[in-house]
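What follows is one structure encoded as structure tokens, with my remarks underneath.
The values are calculated or read from the model by the stated rules, or taken from the named source; none is laboratory data. The shown structure was predicted, so the numbers you read here are calculated from the model rather than taken from an experiment. Note: ideal-geometry Cβ built from the backbone for every residue, glycine included; neighbour counts use all protein chains shown. Remember, those area values only see protein heavy atoms, side chains included, never the ligands or the DNA or RNA. Shrake-Rupley method; radii C 1.70, N 1.55, O 1.52, S 1.80 Å.
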Amino acid sequence: MTAFVFPGQGSQKVGMGAELAEASAAAREVFQEVDEALGQNLSRIMREGPEEELTLTENAQPAIMAHAIAVLRVLEKEGGIAIAAKGECVAGHSLGEYTALAAAGAFSLADTARLLKLRGQAMQAAVPVGVGAMCALLGADLEKTTKLAEAAAEGQVCEIANDNDPGQVVLSGHREAIERAVALAKEYGCKRGVLLPVSAPFHCSLMQPAAEAMAEALGRTPPQVMRLPVYANVTAGLVSDPAVERELLVQQVTGRVRWRESVIAMKEAGVSRFVELGGKVVGPMIGRTVEDVTVTSVQTMADIEALAKEI
């Protein structure tokens, strides 16, 4: 059984998709369609930067999705691989859940780009710059991190945003609380805490205004029938009902990304091959979470050609 998985924020880099666009008309069409949907030359920012412009949440989110869908389209059109025929399910990390849904046919490419642009803008607008922060705790498990978050909060928001793998958990909330958590990390049995270079505190209760904006947007553009079911971030469970998934996408804005649990659930359901399209971020997390599985990251034409021969 094969799961196709998609990366989240942080996987963007200047030059992303450039080699693919040079080599494939299918990739160029994806980037052009996203540019037209957004009314901006996002593909130029992806190709040439500057990095600070690409890193802006409202640009990074649709850019990461566009890159992954370009890889998928090339795989389908030139590699002859239809993921609905070769895969049992899809999943994505945070914004990657939207990419997974686009891959499964629940959203059009243009709608996915517009939803992610709005999501990025709403998340940025929810909390003034400098008020929130996020940190990664390395060598941390859920139990240690829960106790650390409670100790660091001191009346402020300090919540688990991402449970990524058995040794990495991410906290999100008010900057002072997150800085306290970093300072306390070793005391609570973590190897270390690292502040993340993000512009807003994602996946915590401070994002409630963004959740409301997404509820409105998803009311106007709800997910449609999926060709493959998706493992939802907030439940780590399999979803095939578009109406249920719409509600979960709203909850996802403030809710925990239960990636580690999702990976375990996929493995327990019989998935033995994970294929990450458009990045090499969630693949390593999967490798650290479950054993006896094959993990492949696909980004380049060479990667696509190799996968087409294997799968």
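Quick notes on this one:
- Residue list for region 118-135, filter: closer than 14 Å to Leu38 by Cβ and either open to solvent by less than 10 Å² (accessible area, probe 1.4 Å) or touching a Lys or Arg at 6+ places or on another chain (Cβ under 6 Å) (or both): Arg119, Gly120
- Cross-chain or 6+ apart pairs with Cβ under 8 Å, region 171-196 first and over 10 Å from Met134 (Cα atoms), then among the polar types (S, T, N, Q): Glu176/Gln156; Tyr188/Thr145; Cys190/Thr145
- Only one of the listed residues (Leu277, Leu238, Leu206, Leu249) is more than 30 Å from His174 (Cβ to Cβ) and either crowded, with 18+ Cβ neighbours inside 10 Å or modelled with pLDDT under 95 (or both). That residue is Leu277.
- Unique match (being closer than 30 Å to Ser272 by Cα and modelled with pLDDT of 95 or more) among Ala3, Ala18: Ala3
- Residues that are closer than 20 Å to Ala102 by Cα, surrounded by fewer than 24 Cβ atoms within 10 Å (Cβ to Cβ) and β-branched (Val, Ile, Thr), drawn from region 1-46: Thr2
- Only one of Leu115, Leu171 that is under 22 Å from Leu195 (Cβ atoms) and open to solvent by less than 30 Å² (accessible area, probe 1.4 Å): Leu171
- Leu138 vs. criteria in contact with a strand residue (DSSP E or B) (Cβ under 6 Å, 6 or more places away or on another chain), at pLDDT 95 or above and open to solvent by 10 Å² or more (accessible area, probe 1.4 Å): yes
- Restricted to region 17-91, the set of helices (runs of 4 or more DSSP H) holding at least 1 residues that are among the aliphatic types (A, V, I, L, M) and in contact with a strand residue (DSSP E or B) (Cβ under 7 Å, 6 or more places away or on another chain) comprises 57-77, 83-86.
- Filter pass, Val234 being hydrophobic (A, V, I, L, M, F, W, C) and either in contact (Cβ under 8 Å) with a residue 40 or more places away in the chain or not in a loop (DSSP other than H, G, I, E, B) (or both): no
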